[in-house]
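Here's the structure, in structure tokens; my notes come after.
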Amino acid sequence: MRRERKRNDLGFENWLLCDFHIHTKISDGSLPLEKVVDLYGEKGFDVISIADHILDEKTREERQKKREPTLSLTREDFPNYLRLLWKEEKRAWERYRMLLIPAVELTNNQDMYHILAIDIKEYIEPALPVERIVEEIHRQEAIAIACHPHRKETEHDQPYIHLWENHKKYSDLFDAWEVANRDDLFNIIGLQKFNYIANSDFHEAEHLYSWKSLIRAEKNTEAVKAAIRENKEIAIYLFRKNKLIEE
Ligand code: ZN
Ligand code: ZN
């Protein structure tokens with residue numbers, strides 16, 4: 001470890017500073033994987049999940065027809081993606097004592113739902129129905145998060161509200177729902193008393209300053225997953241540029 005982080009100055013002793021929703025250049029983020037890991041490591045984060053997009057095949061084909069970049073992992077890319085993440089996991093731990101948990105964002109833009117699979121081990125097809133996706137995530141002992149489930153104040157045309165529109169049906173399905181995503185807070189998720197989590201949906205450097213989760217648990221993947229499932233000792237925290245944590 002290069003230096004002790006300064007979070008204890010803020011009174012976060014025993015709390016892990018976490019962000020489980022981070023994209024890199026591997027899909028539609030603007031920064032390469034290594035740079036993203038360094039950015040979070042330098043800021044003293046304890047736990048991150050890199051969660052690049054797996055886009056449904058129909059949307060991918062539509063983009064290919066229009067000669068647009070697909071900005072998505074494919075089934076063929078997936079083993080190499082995991083290899084890259086495990087390599088970075090090792091470096092993140094050795095250099096920053098930061099835990100990196102491999103993830104993906106299953107991105108279904110036909111039926112309008114996005115689901116995070118945290119600690120994923122095998123490829124999952126995003127065109128599957130929601131229940132089947134979550135079943136598959138749980139079969140892999142991974143964590144299923146409902147992403148940005150409601151309209152965002154920052155993006156009025158945010159169309160991915162299938163999960164919210166069917167929230168009664170899905171209420172017991174997910175391990176947690178994003179109660180905050182980057183700059184937006186979804187009060188409605190709090191009102192439902194759903195398990196909650198807050199993430200940045202990081203695509204570029206300035207997204208670092210956004211809603212995050214604090215979790216009081218041991219710094220290992222199983223303990224963090226258990227805390228999310230139990231929704232115990234989790235707090236949401238707005239990570240801002242702050243003199244106390246800046247160099
Ligand atoms: Zn999304
Ligand atoms: Zn995302």
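The values are calculated or read from the model by the stated rules, or taken from the named source; none is laboratory data. Fair warning: this is a prediction, and the values are worked out from it, not measured in the lab. No Cβ is skipped: glycine too gets one built from the backbone with ideal geometry, and neighbour counts run over all protein chains shown. Areas reflect the complete protein model, heavy atoms only, side chains present, ligands, DNA and RNA absent. Shrake-Rupley method; radii C 1.70, N 1.55, O 1.52, S 1.80 Å.
How much length, in nm to one decimal, is gained on full extension between GLN64 and LEU39, taken as 0.36 nm per residue of separation minus their Cα-Cα distance?
Here the answer is 5.8 nm.
Put a dot 7 Å past each Cα toward the Cβ at ASP172 and LYS219; how far apart are the dots in nm?
Simple spin-label model gives 3.7 nm for this pair.
What is the distance in Å between the Cα centres of the stretch 102-136 and the stretch 186-233?
If we compute the Cα centre of each part, the gap is 18 Å.
Under a point spin-label approximation (7 Å from Cα along Cα-to-Cβ), what is the ILE161-LYS193 distance to one decimal in nm?
Going by the 7 Å Cα→Cβ label model, 2.5 nm.
Enter the accessible area per residue of the stretch 1-149 (Å², integer; probe 1.4 Å; all protein chains in place).
45 Å²
Given contacts defined as C-alpha pairs under 8 Å and at least six residues apart, what's the relative contact order of the chain, whole-number percent?
Relative CO of the chain lands at 19 percent.
Can you list the equivalent-ellipsoid semi-axes of the chain, largest first and in whole Å, using the square root of 5 times each Cα gyration tensor eigenvalue?
The three semi-axes for the chain are 27, 21, 17 Å.
Tell me the accessible surface of ILE188 in square angstrom (1.4 angstrom probe, heavy atoms of protein chains only), to the nearest ten.
So the heavy atoms of ILE188 present about 60 Å² to solvent.
Among the aspartates and glutamates, which have Cα under 20 Å from the Cα of LYS58 when same-chain residues fewer than 8 positions away are ignored?
Partners found: ASP28, GLU68, GLU76, ASP77, GLU105, ASP111, GLU125, GLU131.
If each residue of separation counts as 0.36 nm, what is the full-extension length gain between GLU94 and GLU13 once their alpha-carbon separation is subtracted?
27.1 nm
Sum -39500 (n - 2.57) across every DSSP H segment of at least 4 residues in the chain, then divide by the residue count to get the 222 nm mean residue ellipticity, nearest 500.
-8000 deg cm²/dmol
Quick one: with all protein chains in place, what share of the accessible area of the chain is carbon or sulfur, to the nearest percent (1.4 Å probe)?
The value for the chain is 47 percent carbon and sulfur by accessible area.
How far, in degrees from 0 to 90, does helix 78-96 lean away from the longest principal axis of the Cα atoms of the chain, to the nearest 10?
10 degrees
Based on a Kirkwood Rh over C-alpha pairs, give the Stokes-Einstein translational diffusion coefficient of the stretch 52-160 at 20 °C and viscosity 1.002 mPa s in µm²/s.
Value of D from the Cα-based Kirkwood radius: 143 µm²/s.
Kindly flag which residue pairs out of LYS90/LYS225; LYS65/LYS169; LYS169/LYS225; LYS65/LYS152; LYS35/LYS121; LYS43/LYS168 have an alpha-carbon separation exceeding 27 Å in this structure.
In this structure, LYS65/LYS169; LYS65/LYS152; LYS43/LYS168 lie more than 27 Å apart at Cα.
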